[in-house]
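The values are calculated or read from the model by the stated rules, or taken from the named source; none is laboratory data. Computed from a predicted structure; not experimentally measured. Here the Cβ is made from the backbone with ideal geometry for all residues, glycine too, and neighbour counts use every protein chain on show.
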Amino acid sequence: MAINDSSVNQLASEQKKLEANYNALRLENLALDLTRGKPSSAQLNLSNKLDGILEDFFLLQDGTDVRNYGGIRGIPEARDMGALFLDVDPSNVMVGGNSSLTLMYQYVEHMLPIWRSESSTIKFICVTPGYDRHFTICEQFSIEMISVKLTNDGPDMERIFSLVENDSSIKGIWCVPKYSNPTGHTYSKKTVQSFAQLGKVAGDNFRIIWDNAYAVHHLGDTPEKLENIKWACEKEGTADNVVMFASTSKVTFAGGGISFFSSSHKNLDDFEKYLSAQLIGFDKVNQLRHVRFLKNELAITEHMKKHKEIIQPKFALVEAKLNTSFAGKNIATWTKPNGGYFVSLDTTHKVADKVVNLASAVGVKLTPAGATYPYGRDPNNSNIRIAPTYPPMSELEKAMDVLVLCIELATVNHLVNI
Ligand SMILES: Cc1ncc(COP(=O)(O)O)c(C=O)c1O
């Protein structure tokens, strides 16, 4: 494709060809979806043994009957498992219900009175592109959002320090430190060490929300290593400034798993006090099911390898389609993640909204343009999040063909109109 060529005639002829291909798609009545990062049925099937695994045996080693009320921090066996996911001591872990996002929402809500006592306006730093539902929590609580760019090493730490040094109404930052949603980046050791310094500048009640949703979700042969922020913060005397989250949503059943929270003992006590006004305890039966099913570190690693076998070919297909169509051309750049659930694509020109609309009109749903930015506003109108895990390979292949065509067409339309 000759998009680089400035010749108007050539562009117009390219536009005609692409339009013809696009119009042919209309006749196919497609109904494909590349939006949310959901596990496929084949992935969910890996955990079917969860059902019935307890075989009427509901007692813990210490004699606790998990069918009954109590134990807001979770059963000890599940806290041990949370400690594996978050690389912390079990005494620093609380095990929650079916959603880490709910725990994050509750955590933010529980900090609001403290933050409001310090500042009439509350602001959060949002690493972008990022996870849209983090941003929705901020909107829900009227927390102003400030975007900070993600680099290959993690967020731009210089800008973060400069922001918090000059604005005491900034009370937190959202981070997906490993296989980030949507780019797949893992924060470098230097970035994590820099985060450990942040509390000294940002104040005692500043919170780094460390959403380690993809802690065990490797796609490559060599898992990426994330430096342990808890230890780094402990060394710097800032352990209260970090709260960590994870869940088994994309390990076992999405929305039917268990979630983990970890922080200092002081923060755990405070959060438990807040939670105890709204619940007596989380679902311990499901916690025990997960412990019996996922067993230990080795078994979790083996289980995640099976996920990888199912989804790695899908990521390879996305990479192959993008590479074949765009390598060496000034149309788009994209990430090649070693883990997680997404590929993040940036169009070279400001056409992401046009691409999404074109795809939608021929039956391919993409995440709305801008969704990966606070307030749904991508300043470059370029980012598109691709979620390859859910559709079967044949549908993914077709959806990627449509996506590529829509990117080409939107780009040519843009260049013709310059
Ligand atoms: C970064 C991130 N955090 C949290 C979640 C949701 O996790 P849960 O199902 O535990 O609420 C997702 C799901 O897509 C995610 O991408």
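If the condition is being within 16 Å of the ligand (Cβ to nearest atom) and in contact with a helix residue (DSSP H, G or I) (Cβ under 9 Å, 6 or more places away or on another chain), then region 315-338 contributes only Pro337.
You will find that of Gly184, Gly172, the residue that is part of a loop (DSSP other than H, G, I, E, B) and touching a residue at least 12 places away in the same chain (Cβ under 8 Å) is Gly184 and no other.
Against the numbered list (1) more than 16 Å from the ligand (Cβ to nearest atom); (2) touching a residue at least 60 places away in the same chain (Cβ under 8 Å), Ala232 comes up short only at (2). When Asp270, Asp283 are checked against the criterion of being assigned by TED's automatic domain parsing to the domain that holds Tyr214, more than 16 Å from the ligand (Cβ to nearest atom) and touching a residue at least 60 places away in the same chain (Cβ under 8 Å), a single residue qualifies: Asp270.
For Thr136, the criteria (1) within 14 Å of the ligand (Cβ to nearest atom); (2) crowded, with 18+ Cβ neighbours inside 10 Å hold in every case but one, which is (2). When Asp80 is tested against (1) among the acidic types (Asp, Glu); (2) surrounded by fewer than 14 Cβ atoms within 10 Å (Cβ to Cβ); (3) outside the structural domain of Phe342 (by TED's automatic domain parsing), only condition (2) is not met.
Only one of the numbered conditions (1) under 22 Å from Pro76 (Cβ atoms); (2) in a loop (DSSP other than H, G, I, E, B); (3) away from the ligand (no atom under 16 Å from the Cβ) is not met by Thr252, and that is (3).
Considering only region 255-267, how many residues are part of a loop (DSSP other than H, G, I, E, B), within 16 Å of the ligand (Cβ to nearest atom) and over 17 Å from the mean Cα position of the chain (by Cα)?
1
Would you mind stating whether Gln106 is farther than 20 Å from Asn267 by Cβ, assigned to a helix (DSSP H, G or I) and within 24 Å of the chain's Cα centre (by Cα)? Judged against the criteria, Gln106 is not a match.
Just checking, does region 66-75 include any residue being within 16 Å of the ligand (Cβ to nearest atom) and in a loop (DSSP other than H, G, I, E, B)?
yes
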